[in-house]
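These notes concern the structure reproduced below.
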Amino acid sequence: MFETRVLSGMRPTGALHLGHYHGVLKNWVRLQAEHPCLFFVADWHALTTDYEKPGALQEVGTDMVIDWLAAGVDPNQATLFVQSLVPEHAELHLLLSMMTPLGWLERVPTYKDQQEKLADKDLTTYGFLGYPLLQAADILIYRARYVPVGEDQVPHIEFTRELARRFNHLYGREPGYEEKAKAAVKKMGSKKARLFNELRTKFLESGDGEALKRAQALLDEQQNTPRGDHERLYGWLEGGGKKILVEAEALLTEASKLTGLDGQKMSKSYGNSIGLREAPESVAKKIRTMPTDPARVKRSDPGTPEKCPVWPMHLVYSDDARRAWVQKGCTTAGIGCLECKAPLIESVLAELAPIRERAQPYLDDPTLVKNILANGCDKARALATDTMRDVREAMGLSYV
Ligand code: TRP
Ligand code: SF4
């Protein structure tokens, strides 16, 4: 069942904005209905860059979870938890660090990029270099199959796949592996075993991807597979050792089409964002005072929507008829900029109203979020414990 598991994390950086909503959160809400999903507060990750001034991570993290819930992430569908409350992530990070070539970490593009971008911080630390490895541990510990991330994170997922492969290659060949794998096939029952063997041969001899998928589906259907056999069969199918860790795939999250108030990427640090739980008056004022096409100095000057930061908002919030109205009105000076913005104010407020409403009970009663996270942590921990048992065993560390 771990085959379609989705996992993603977000650093606690403060109140989320409409860019997060249209980029990440709507995507999470969609995914939670289709897959078993795990979403977590990546608080240790925040420390890799902000170790000097961590701030109140537990408050910022909790507030971020309220934003998730407000956006429609449903704790009955998805598992929500906090990284630092599942310390198994740290254990896997440590064990993986033993077999991670230093060059792999140094070559991750964000390593040099971020050091240059965040030049005011001293990022020549062990933790910062190891940050992609911590992320790999986050993913591998849940044997996640899909990881929704933005483009900048794709190299990290690639790195995670390479690590999983290296780990399985190093530690997946237990003594007597072949006999154990063959015995596990037999246990499937003669009919299924025959089909499995056929599909395996097809895949190994001709690289038939369809056959591989069908054989994997066959394994996923199996109930009560004895511990260890699932990983053995998965690896055996592809002609390798036991698949203790699963290679995850990035699910590329499309960047939000919504730009900030100044037409740049929406970001809190640029001061051009609209907060998810911002008061309606403040939202309305921000949109009313947004800059417009600089060529439209006077009401009677015609403008060009493509040169105006208001236009991308119409692309997100307006239908064809309204866009046509903007195009015509703007280029002929038929409408004024405030007129053009009025329906947007309405649309944005209509979108934010239910979000603020959903957040309210969590703000009124902080124990609600605490309980959601406590439950989520329990569930996550159970999954993590399971993987760690296999990892310890594979590395010769199963004393009891
Ligand atoms: N590194 C991610 C970011 O900065 C957050 C993150 C941490 C993450 N662990 C993860 C995302 C695991 C996906 C999966 O945005
Ligand atoms: Fe921008 Fe609309 Fe004004 Fe044209 S009319 S400049 S699109 S705000």
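Throughout, read-outs are computed from the coordinates displayed, never taken from laboratory work. Not measured: the values here are computed from a predicted model. Note: ideal-geometry Cβ built from the backbone for every residue, glycine included; neighbour counts use all protein chains shown.
So here's what we get for this one:
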{"read-out": "Helix-only mean residue ellipticity at 222 nm for the chain, each DSSP H run of n ≥ 4 adding -39500 (n - 2.57), per residue, nearest 500", "value": "-17500 deg cm²/dmol"}
{"read-out": "Among Leu218, Ala184, Leu233 the positive-end extreme of the charge dipole of segment 177-237 (Cβ point charges)", "value": "Ala184"}
{"read-out": "Net dipole in debye of segment 277-363 [+1 Lys, Arg Cβ; -1 Asp, Glu Cβ; about Cα centre; nearest 20]", "value": "220"}
{"read-out": "As computed over the chain, the Cα convex hull volume per residue (Å³)", "value": "177"}
{"read-out": "Extension gain, Val297 back to Asp122 (0.36 nm per residue minus Cα-Cα distance, nm)", "value": "58.5 nm"}
{"read-out": "Lysine pairs meeting the criterion (Cα under 16 Å, 8 or more apart or interchain), as found in segment 277-363", "value": "6"}
{"read-out": "Candidates Ala90, Ala56, Ala70: whichever shows maximal mean-square fluctuation once the chain is modelled as a Gaussian network with Cα springs under 10 Å", "value": "Ala56"}
{"read-out": "Student exercise, the chain dipole from Lys, Arg, Asp, Glu Cβ charges, in Debye to nearest 20", "value": "680"}
{"read-out": "Whole-Å distance, taken between Cα centres, linking segment 230-248 and segment 71-149", "value": "23"}
{"read-out": "Dipole magnitude of segment 249-400 about its Cα centre (Cβ charges: Lys, Arg +1; Asp, Glu -1), debye to nearest 20", "value": "520"}
{"read-out": "Axial C-alpha extent at least 30 Å, average Kyte-Doolittle at least 1.0 - helices from the chain (DSSP)", "value": "none"}
{"read-out": "Those lysines that a straight Cα-Cα span of less than 24 Å connects to Lys187, excepting residues fewer than 8 apart in one chain", "value": "Lys202, Lys213, Lys242, Lys243"}
{"read-out": "Cut-off 15 Å between beta-carbons: net charge of the residues surrounding Glu52, Lys and Arg +1, Asp and Glu -1", "value": "-1"}
